[in-house]
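Below: the structure, in structure tokens.
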Amino acid sequence: MFLKKLVLGLSWIGALRVLTRILAFVKIFFIARLLSPSQFGVFGIASLILSILEVLTEPGTNVFFIQKEGKIRQYLNSAWTLSIVRGFFLGVLIFAFSPLTLSFLSLSEAEKIDCENILRLIAFVPVIKGFVNPAVVSFLQDLNFKKEFIFRFVIFFIDAGVTIFSALIYPHPLCFVYGLIAGALMEVTLSFIFVAKRPNFEFSEGKIKHILSRGKWITLHGISEFVYRNIDDFFVTKVFGPYYLGIYQMAYKIAVLPITEIADVFGKVSFPMYAEVISKSKDSLNSILAKSFIFMILLLLPFIIFMNLYASEIVFFVLGDQWLNTVSLIKILVVYSFIRSLINPLLTYMLVCKKQEYLAYVSGTTMLILIFLLIYLGYKFGVNGVALAVSVSSFCSLPITLYLFLKLKGQELRR
């Protein structure tokens, strides 16, 4: 029964990933020929600032619901209220402080103006998304992956379609923001069409505190993980400028796309299913975890080999010769994506066992290692050194993760 549900879930979420990545490929195929690497870098800076603030204020509501710490109906109103307040707070913060933020970056006057305009428009995205019905998490909690597929695909389709259409009319980084706004509006609309449970605005201090107390480790993990995944972008922007940021981000997307997509699909399906299995039998979950780990290794190794052999051809065909500087970066970064994909099943197991603090320990320690390596390797070897620092730090996270995993298993055996 579990295997049948797992295969069905992997099929729906896998199909979602494939279709959205095809759309992403089409979007990049068109826009990479309309915008320069510097323009990509300008939007990258703006989206990075938005992402930072989102992570810093992430309450961990989805994890709270999937772990079944309370019924969705009981906490739905408080979760929605918290989401709306957070959305307005982020919007005001981005709009008001965008000039101050950009003053710390190495940008030309024209790039600062473009980036500031993008930030002030992108400030509406979190405000809109704050009104999304939190009960959409019930798709995953109830293992209804078909609804999750339809819901997410329509949102991404609208985002990609509006972005491409806007770029064809006016080739400017703002086209990405128009897509984000359209996708956010669609997400709010569908969240009330697809879900029967409807939230009301209600401020319950006790319930909000309970949600935040359970989600604090998720927030800390999210912050550490975000810094780990994005501090390299900040370093490249500050030291080398928007052009190299555009080159580096494109290389990163290509390097991690074919590998981490597999891990992300498996992680999204396995988390709610593990949560269901662990309440019945930990022995079954241990067996499933072992098979998952072996499966990931056998599936991912061919991608590593393929990307190293044909990176030049892939870049030339997909993006054109102006992006060939990404090839050496791709060959380094695929090592990072492979190691991260192997670690993910262990982190999912920890999360299911409600050991959110272990995830925070792993991401926090790895983040500190990366910061040290960036300073040393980045200045010594340039942008290639940044990619090398990311890959080496991911390798260092492997023994830390294994130690905490074995510690958790030891605690289970002593019970």
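The values are calculated or read from the model by the stated rules, or taken from the named source; none is laboratory data. Everything quoted here is computed from the prediction, not taken from an experiment. All Cβ positions, glycine included, derive from the backbone under ideal geometry; neighbour counts span all protein chains shown.
Testing E357 on (1) without any contact (Cβ under 8 Å) to a residue 40 or more places away in the chain; (2) closer than 16 Å to G222 by Cβ, one condition comes back false. Which one is that?
Result: E357 fails condition (1) only.
Give me the pairs: first residue in the range 310-327 and over 14 Å from Y244 (Cβ atoms) and outside the structural domain of F40 (by TED's automatic domain parsing), second residue of a type in the set (G, A, S) and surrounded by 17 or more Cβ atoms within 10 Å (Cβ to Cβ), beta-carbon distance under 7 Å, and six or more apart or on different chains, which are they?
From residues that are over 14 Å from Y244 (Cβ atoms) and outside the structural domain of F40 (by TED's automatic domain parsing), the pairs are L319/A32; G320/A32; V327/A311.
Show the residue pairs that are 6+ apart or on different chains and have beta-carbon atoms under 7 Å apart, the first residue being within the range 112-131 and aliphatic (A, V, I, L, M), the second being not in a helix (DSSP H, G or I).
Listed pairs, sorted by first residue: I118/P173.
Starting from the range 25-50, keep only residues that are in the same structural domain as Y244 (by TED's automatic domain parsing), then list their pairs with residues that are polar (S, T, N, Q) whose Cβ atoms are within a distance under 6 Å, requiring at least 6 positions of separation or different chains.
Note: no pairs meet the criteria.
Here is a list: R214, R229. Which entry is at pLDDT 65 or above and either in the same structural domain as Q356 (by TED's automatic domain parsing) or buried (at least 19 other Cβ atoms within 10 Å of the Cβ) (or both)?
Unique residue meeting the criteria: R229.
Looking only at the range 362-407, which residues are among the polar types (S, T, N, Q) and over 22 Å from G241 (Cα atoms)?
Matches in the range 362-407: S363, T365, T366, S393, S394, S397, T401.
Of L319, L324, which residue is modelled with pLDDT of 80 or more and closer than 29 Å to V26 by Cα?
Unique residue meeting the criteria: L324.
Just the residues that are over 16 Å from the mean Cα position of the chain (by Cα), of a type in the set (A, V, I, L, M) and farther than 19 Å from L245 by Cβ, please, taken from the range 26-56.
Matches in the range 26-56: V26 only.
If you take just the helices (runs of 4 or more DSSP H) that sit entirely in the range 1-76, which of them hold at least 1 residues that are more than 25 Å from V92 (Cα to Cα), at pLDDT 65 or above and of a type in the set (A, V, I, L, M)?
The qualifying helices (runs of 4 or more DSSP H) are 2-31.
Restricting to the range 223-255, name every residue that is within 20 Å of C115 (Cβ to Cβ), β-branched (V, I, T) and within 15 Å of the chain's Cα centre (by Cα).
Residue satisfying the conditions is I231 alone.
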